[in-house]
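Before any comments, here is the structure.
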Amino acid sequence: MSNEEKVGCLLALYQQILQQGFIPANNSIEQQELLLSGLIIKQKGKLEVRNRIYQKVFNLVWVEAQLSQLRPYSEAFQAWQNSQHTDTSRLLRGKALQDSQKWSQGKSLSDLDYRFLASSEELDRQEAQQVLETERTREIEARLQEKQKRLAQEQKTAQLQSYFLAALSFAFLIALGLGAIAYKQYRQAAFNEIKALSSYSEALFVSDRRLEALITAIKVKQKWQQLDYRDRNTDNQIESVLRQAVYGIDEYNRLSGHTEVVFGVDISPNGQLIATGSSDRTVKLWKSDGTLINTFKGHQAAVWDIAFSPDSQLIASASRDYTLKLWHRDGRLLNTFKDHQDEVLGVAFSPNGQLIATASRDKTVKIWSQDGKNIDTLKGHTSSVWKAVFSPDGQMIATASEDKTIKLWKLNPQGRFQLYQTLRGHTSEIRDVAFSPDGQTIASVSHDQTAKLWQASSGKLLHTLEGYSSPVLGVVFSPDSQIVATAGWDGIVKVFNLEGALLKTINIDKKRIWAIDISPDGNSIATASEQDLVKLSKLDNPLLKVLRSHSAPIIDVAFNPQGNMIATTSDDRTVKLWSKNGLLLTTFKSKQDSVLGIAWNPDGHRLVSGHWNGAINFCR
């Protein structure tokens, strides 16, 4: 072995054989060199450890020790450990951090390695943010200095005016003129500041910092009203910026308290609480208004997933420390479940709250009672299982795995779950799966940058939702089962109807979203972010009403003369009547072709519709 890169490659290959038991032989140079080492043998097209003695001596612990010696950040890592993880000067930055992150890809490192890299990344981000804040502060200081200079000049002018007022009447007139000029300058300066802030609000909105854009737009409007300046173009611009910010904002609150990545979020069934789990090893409980209630400590590693019991009294947390913990909402630890042999990635309660399902990297799903008894173990996946969820009637479990499949398990008469069906279609690992509340549909999301909708009863693929630019990590249905929301690495939430039509795109974050949930009233979504935040956003802007019912593109819309009803037409061959509050009043189904146009008669009691095939229909 001639260099460290080759050593690392061979160690990683041998580590993979230890973890999986074998790998297929492909006669690569790396496999040939590893065969020459004598540690492994080739049998029946597979590479295996030569014997049990070698497997015991050169085990995973030995591999981890060898890999640790190859760490490009070994010296900094050791110094950081010796400081009890407090010496931030030992953390990586810039290119060193990027090189180390690239080196870590594809390797199974220790929790401490991941914590060191995560802390380095956070410090690097904070320092970059500090630089930006320093530059922004300098810019503001420069503006203030310029403004102070202008004010000083205005004060000097005002002083000159007072001298002239004491002189002749002609000097008095001159002073009045100078005062008018000074006032005009002041108003012009205020006017310019307002226009600059208005442009800044627009820039914030375009860069998806919409909450900050709204705050700035409100300040601009207040300053403009105080100035009492008459300029129609500026007035229109300010009104446009404020309307854009008000109607375009989705985010309305942030839950800030975790110190590392937030992996899991769940809104309680009663809608009053929010639970979050983080890489900082804690579970936090919040009120729906964002007030932190409690922090649960006990896990020894990152918390991957979180779930409320149906009565909103219990919280289950799944962790990288191989355990599941059951908590009461008052913070008491009720039980710790320890049967899994690897990280616990997902957790869900049964609809009656009596059972808990956990998904794990050990390729199994376990069913537990609340007292910690392992009732059943579901085996069948060939790789890590990311998620396990119960159907609304509790008779079925759906599991999502890195092996690119969804497995459906049905409850048999003996009270055990049996493999019923395997759903195939994704081309990469599946990260999340969800049942619709009515039990009719299953949604899944994957690293293949798609989401899929399946018929729950038959397993038939209904729709593939595309248009993503990155892996999709989370999926959830609305309470009425009519829409499905997905979230992914690009920080974007996409909302679809069950026909696969994209209804809305919400730019939540610049970093990846790990989990998503919808409130029981269907109005809000909560997203867990890599930015150590949970963001709360409105699914629909309360100032805008979205009318959803047509199953094809809407072609025409018209208010009745009284202004209290709306008629819409669509390619789905229907005319729909709505109240002005968005309530669907009635649907007229046409036997003709697509409805292209609609019009009310003058008294608002009749409708006439025109169709693609030339037909005209009258509706009363």
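The values are calculated or read from the model by the stated rules, or taken from the named source; none is laboratory data. Fair warning: this is a prediction, and the values are worked out from it, not measured in the lab. Quick reminder, even Gly has a Cβ in these numbers, built from the backbone with ideal geometry, and neighbours come from all protein chains shown. Just so you know, the surface numbers come from the protein's heavy atoms only, side chains and all, with ligands and any DNA or RNA stripped out. Shrake-Rupley method; radii C 1.70, N 1.55, O 1.52, S 1.80 Å.
Odds and ends about this structure:
- The residue of segment 505-523 that is farthest from the chain's Cα centre (by Cα), among those that are in a strand (DSSP E or B) and modelled with pLDDT of 90 or more, is Ile518.
- Residues that are over 24 Å from Asp362 (Cβ atoms), modelled with pLDDT under 80, out of contact with any Cys (no Cβ under 7 Å at 6 or more places or on another chain) and not in a helix (DSSP H, G or I) occur at least once in segment 2-23.
- Tally of residues being in a loop (DSSP other than H, G, I, E, B) and within 25 Å of Gly488 (Cβ to Cβ) across segment 393-418: 3
- Filter pass, Leu453 being part of a strand (DSSP E or B), in contact (Cβ under 8 Å) with a residue 60 or more places away in the chain and open to solvent by less than 40 Å² (accessible area, probe 1.4 Å): no
- The set of residues in segment 505-537 being open to solvent by 30 Å² or more (accessible area, probe 1.4 Å), touching a residue at least 40 places away in the same chain (Cβ under 8 Å) and within 30 Å of Pro553 (Cβ to Cβ) consists of Asn507, Asp521.
- Counted residues, segment 568-620 - those being part of a strand (DSSP E or B), open to solvent by 20 Å² or more (accessible area, probe 1.4 Å), in contact with a Pro (Cβ under 9 Å, 6 or more places away or on another chain) and under 17 Å from Ser551 (Cβ atoms): 0
- Any hit, segment 485-504, residues being surrounded by fewer than 16 Cβ atoms within 10 Å (Cβ to Cβ) and either among the polar types (S, T, N, Q) or modelled with pLDDT of 95 or more (or both): no
- Every condition in (1) assigned to a loop (DSSP other than H, G, I, E, B); (2) closer than 30 Å to Gln421 by Cβ; (3) open to solvent by 10 Å² or more (accessible area, probe 1.4 Å) is met by Asp321 except one, and the failing one is (2).
- Close Cβ contacts (under 8 Å, 6 or more residues apart or on different chains) running from residues in segment 82-98 that are on the phi < 0 side of the Ramachandran plot and open to solvent by less than 60 Å² (accessible area, probe 1.4 Å) to residues that are part of a helix (DSSP H, G or I) and of a type in the set (S, T, N, Q) comprise Leu91/Ser119; Leu91/Ser120; Leu92/Ser100; Leu92/Ser120; Leu97/Ser120.
- Every residue from segment 336-373 that is more than 28 Å from Asn270 (Cα to Cα) and modelled with pLDDT under 95: Lys338, Asp339
- Evaluation of Leu345 against (1) over 22 Å from the mean Cα position of the chain (by Cα); (2) open to solvent by less than 30 Å² (accessible area, probe 1.4 Å) (one fails), failing number: (1)
- Considering segment 118-138, and only residues there that are open to solvent by less than 70 Å² (accessible area, probe 1.4 Å) and among the β-branched types (Val, Ile, Thr), the residue that is modelled with the lowest pLDDT turns out to be Thr137.
- Odd one out for Leu345, checked against (1) closer than 19 Å to Gly394 by Cβ; (2) in a strand (DSSP E or B): (1)
Quick grid of which residues meet (1) open to solvent by less than 10 Å² (accessible area, probe 1.4 Å); (2) assigned to a loop (DSSP other than H, G, I, E, B); (3) under 19 Å from Gly474 (Cβ atoms):
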| site | (1), (2), (3) |
| --- | --- |
| Asp371 | no, yes, no |
| Leu378 | yes, no, no |
| Val389 | no, no, yes |
| Tyr420 | no, no, no |
| Arg431 | no, no, yes |
| Gly439 | no, yes, no |
| Ala443 | yes, no, yes |
| Ser457 | no, yes, no |
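- Screening Pro310 with (1) in a strand (DSSP E or B); (2) touching a Phe, Trp or Tyr at 6+ places or on another chain (Cβ under 7 Å) gives one miss only, at (1).
- For segment 342-369, filtering for residues that are among the basic types (Lys, Arg) and within 22 Å of Val472 (Cα to Cα) leaves 2.
- Restricting segment 45-82 to residues that are closer than 15 Å to Ser120 by Cα and either among the small types (Gly, Ala, Ser) or in a strand (DSSP E or B) (or both), the residue that is modelled with the lowest pLDDT: Ser74
- Selection count, segment 459-484, where residues are open to solvent by 30 Å² or more (accessible area, probe 1.4 Å), closer than 20 Å to Pro392 by Cβ, touching a residue at least 12 places away in the same chain (Cβ under 8 Å) and not hydrophobic (A, V, I, L, M, F, W, C): 3
- Lys297 vs. criteria open to solvent by less than 30 Å² (accessible area, probe 1.4 Å), among the charged types (D, E, K, R) and touching a Ser or Thr at 6+ places or on another chain (Cβ under 7 Å): no
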